[in-house]
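The values are calculated or read from the model by the stated rules, or taken from the named source; none is laboratory data. Note that the coordinates shown come from a computational prediction; the quantities given were computed from them, not determined experimentally. Methodologically, a virtual Cβ is constructed for each residue, glycine included, from the backbone with ideal geometry; neighbour enumeration extends over all protein chains shown. The accessibility values were calculated without ligands, DNA or RNA, using every heavy atom of the protein model including side chains. Shrake-Rupley method; radii C 1.70, N 1.55, O 1.52, S 1.80 Å.
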Amino acid sequence: MSILRLVRRWLDMMALVSVIMMAASCTGSGQGNGLRGTVSEEDSDAYYMALMQKHYQWYAEMNVDSMVVSSERIKQYLTHHQKAENAAHRRLKAEWLKARGVFFTAIKGMPDSGVVYTERALQAMQGLEGVDELRIIAMANRADFYRQMGQLDRSADGYLSALQVADSAGLGEAMKIPLLLGISTAYTFMGDYQTSRLWWQRTSELVGKMEKPDQFIYYNNLGNDYYFQQKYREALECFQKAASLVRDNEKKKWDYYTALTNLGEIYVCLGNADSARIYIQQADSFFTKVDFPPLLYYIETEKIELAMLEGRLADAMGLVNNGKYKEVTIPSARQLRLKAVEQVMQKTGNYRAAYEANKQLQLLNDSIQNANTRMLMSSRMMQYEHDKRLIEQQRTIDHERMTSRLAWALFTVALLAVGLLIMFGWLWRRRQRVHDLTVRQQIMSMRMENTRNRITPHFIYNALSHEMLAQMKGRKVDLNVLTQLLRRGVEQADLLETTLAEELTFIDYYIDIERQQMPQELHYHKEIANDMDIQAIHLPAMTIQIFVENAIKHGLRRQGGKLTIRASRQDHATLVEVIDNGPGIGLSYQEHMGLRIVRQTIQMLNEHNQQRISFGIGNIPEGCRSWLLIPDDYNYNIAKT
């Protein structure tokens, strides 16, 4: 016994409504049953595209009169502009042809004409961009039309092809839901329940993302699948869910009473006459009012079954002999009626009539089974061809992917090789630079040592002369200052850096020797900020001492005066100043060897530090000022930078 095959046309039509309405991205809107605009507006593609969207709306509302009028107006516009080839016009033509196919199938019951119009719509879309969704909807419609024509194999293949296009176009799950519903239903009506179960399981993963119309189709058609397998409890649950989805929707009355018709049949099969009678009466009242003979024929068959269930054989015989709704062309409806007639005739003892009904039923069953077998074989072949195309496409994609990966791998290897060459070159250059810096450091150290060696004999000569004169005058000889100066000079002979404390100590000994040879008194002062730790401050060796020597040599040696060394903090650096009140630097001033070595040493150190040491010498109103600014955390180890 099959349920609602005779009403597949209506259920399929409602599926088409949910699919078609997805394409209703209106480019305009109108009021009432038509659009109003100027003459120029009404003679434009945009105007008629808006009218096309109204046409979809009227279809959803089953406003057939408005549908006919709008379709004819669009047809006249397309006829008057046959030579137009712009994209908007071609899109309008494709939309109209697609809608025309739905009209002939759902309203006039001519799915063969629907296929023709849909094929023409797909041809009109060729070469158009941005119509992936429209193309998939048309392909889904064509698959629906094949299903209504009984060509379930071509229907399943059509849905599969549409699903492949949707996957290739990268469209979302919303577009795939009607396609999965169509594939599942096609295999259900084909009787291939093993395959249909796989597709229903895949479709069930998207139930939570479905709109209510799609959920209704899902539960209604899944209920059919269970019913055909005589799993009545599972079918009952599905039909109850389907009815609950549309119970309170005035625009979905047809769906609701269709679900009640299904529930009536299920309760008959379960032997629940009371529930069956309630649902059958409600459905009969509605479909009598709207006068839809295919469903009324089916409901009449349910009444025969209900009468048999309740033991009312006379009523059942009366419905068989005097039924209002005669034979229909839908095989499943005939199949269900013949089985009911056979049971009635057997119960009433009319065995000849029962035999005739059984004979017709067997012929019809054989015909349906043969048709299903042919369609299953055809579907398998189509599926094989479909899978073959997919495998070939996948192989092509995999080949292109492997080629791309190989190209990227070769590019990566080449890039890595270049990177290694660059790295080795950089390492070699760095090694050479370190070597060069080491040599330069040694050279600078030698120069500094040479400078100190040039200074030291001068100190020794001055100190010895001073002590000899003191001895000649009968004063006590003291070589301690000279000894300390020589010792510290030897200790710092090969160092690039020293602490500020050590530098100031060295300067103290140096000043003690120099001031004894000066004709005038030398006033020497040190001003160190209270927050400074001179033991922790590092600076290039002998730089401050050379500043002091420069001040004495060019400013204070002949006339004496005042010499001040000042140390203070400035932001994140230490400022050391040497200030004298001599005559300052004249135009004939030239840097002596010590200052040139200081300049070269600082330049060498700065090349390897982001923050740089700076220094300078210049006149001030009361004399001359030399200064050195040393950043914190300065790196003096140039051989490891």
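So Tyr461 ticks every box in (1) in a loop (DSSP other than H, G, I, E, B); (2) at pLDDT below 65 but one. Which box is left unticked?
(1)
Exactly one condition in (1) among the charged types (D, E, K, R); (2) farther than 20 Å from Ile136 by Cα; (3) within 37 Å of the chain's Cα centre (by Cα); (4) open to solvent by less than 30 Å² (accessible area, probe 1.4 Å) is not met by Asp214; state its number.
Single failed check for Asp214: (2).
Kindly evaluate Ala84 against the criterion of being within 23 Å of Ala50 (Cα to Cα) and at pLDDT below 85. If you could, list the steps in order and put the result at the bottom.
Values: within 23 Å of Ala50 (Cα to Cα): yes; at pLDDT below 85: yes.
Judged against the criteria, Ala84 is a match.
Give me the residue from region 524-580 that is assigned to a helix (DSSP H, G or I) and closer than 26 Å to Asn635 by Cα and, out of that set, nearest to the chain's Cα centre (by Cα).
In this case the residue turns out to be Thr543.
Do we have any residue at all in region 592-604 that's open to solvent by 10 Å² or more (accessible area, probe 1.4 Å), of a type in the set (A, V, I, L, M) and in a helix (DSSP H, G or I)?
yes
Does Glu310 meet the test of being of a type outside the set (Phe, Trp, Tyr), surrounded by fewer than 19 Cβ atoms within 10 Å (Cβ to Cβ) and on the phi < 0 side of the Ramachandran plot?
Working: of a type outside the set (Phe, Trp, Tyr): yes; surrounded by fewer than 19 Cβ atoms within 10 Å (Cβ to Cβ): yes; on the phi < 0 side of the Ramachandran plot: yes.
Considered against the rule, which asks whether it is of a type outside the set (Phe, Trp, Tyr), surrounded by fewer than 19 Cβ atoms within 10 Å (Cβ to Cβ) and on the phi < 0 side of the Ramachandran plot, Glu310 comes out as yes.
Residue-wise test of (1) of a type in the set (D, E, K, R); (2) open to solvent by less than 20 Å² (accessible area, probe 1.4 Å); (3) in a loop (DSSP other than H, G, I, E, B); (4) over 20 Å from Gln151 (Cα atoms).
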site: Met62; (1), (2), (3), (4): no, no, yes, yes
site: Ala88; (1), (2), (3), (4): no, no, no, yes
site: Glu129; (1), (2), (3), (4): yes, no, yes, yes
site: Leu134; (1), (2), (3), (4): no, yes, no, yes
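Evaluate the following for Phe228: is it touching a Ser or Thr at 6+ places or on another chain (Cβ under 9 Å), surrounded by fewer than 23 Cβ atoms within 10 Å (Cβ to Cβ) and modelled with pLDDT under 90?
Details: touching a Ser or Thr at 6+ places or on another chain (Cβ under 9 Å): yes; surrounded by fewer than 23 Cβ atoms within 10 Å (Cβ to Cβ): yes; modelled with pLDDT under 90: yes.
Answer is yes for this residue.
Which count do you get for residues in region 264-274 that are open to solvent by 30 Å² or more (accessible area, probe 1.4 Å) and either on the phi > 0 side of the Ramachandran plot or touching a Phe, Trp or Tyr at 6+ places or on another chain (Cβ under 6 Å) (or both)?
The number of residues fulfilling the criteria is 3.
For region 611-630, name all the residues that are open to solvent by 60 Å² or more (accessible area, probe 1.4 Å) and in contact (Cβ under 8 Å) with a residue 40 or more places away in the chain.
Residues of region 611-630 that are open to solvent by 60 Å² or more (accessible area, probe 1.4 Å), as a first pass: 611-612, 619, 621-622, 625, 627.
Selection gives Glu622, Arg625, Trp627.
Just checking, which of His608, His554 is over 23 Å from Tyr510 (Cα atoms), surrounded by 14 or more Cβ atoms within 10 Å (Cβ to Cβ) and in contact (Cβ under 8 Å) with a residue 24 or more places away in the chain?
His608
Go over the candidates Leu97, Leu122 one by one and state the one that is open to solvent by 20 Å² or more (accessible area, probe 1.4 Å), without any contact (Cβ under 8 Å) to a residue 40 or more places away in the chain and not in a loop (DSSP other than H, G, I, E, B). Please lay out each step first, then the result.
On the way: Leu97 fails: open to solvent by 20 Å² or more (accessible area, probe 1.4 Å).
Exactly one residue qualifies, and that residue is Leu122.
Does region 288-302 hold any residues that are of a type outside the set (Val, Ile, Thr), part of a helix (DSSP H, G or I) and either surrounded by fewer than 22 Cβ atoms within 10 Å (Cβ to Cβ) or on the phi > 0 side of the Ramachandran plot (or both), and which are they?
Residues satisfying the conditions are Lys289, Pro293, Pro294, Leu296, Glu300.
What are the residues in region 235-249 that are basic (Lys, Arg) and part of a helix (DSSP H, G or I), if any?
Matches in region 235-249: Lys241 only.
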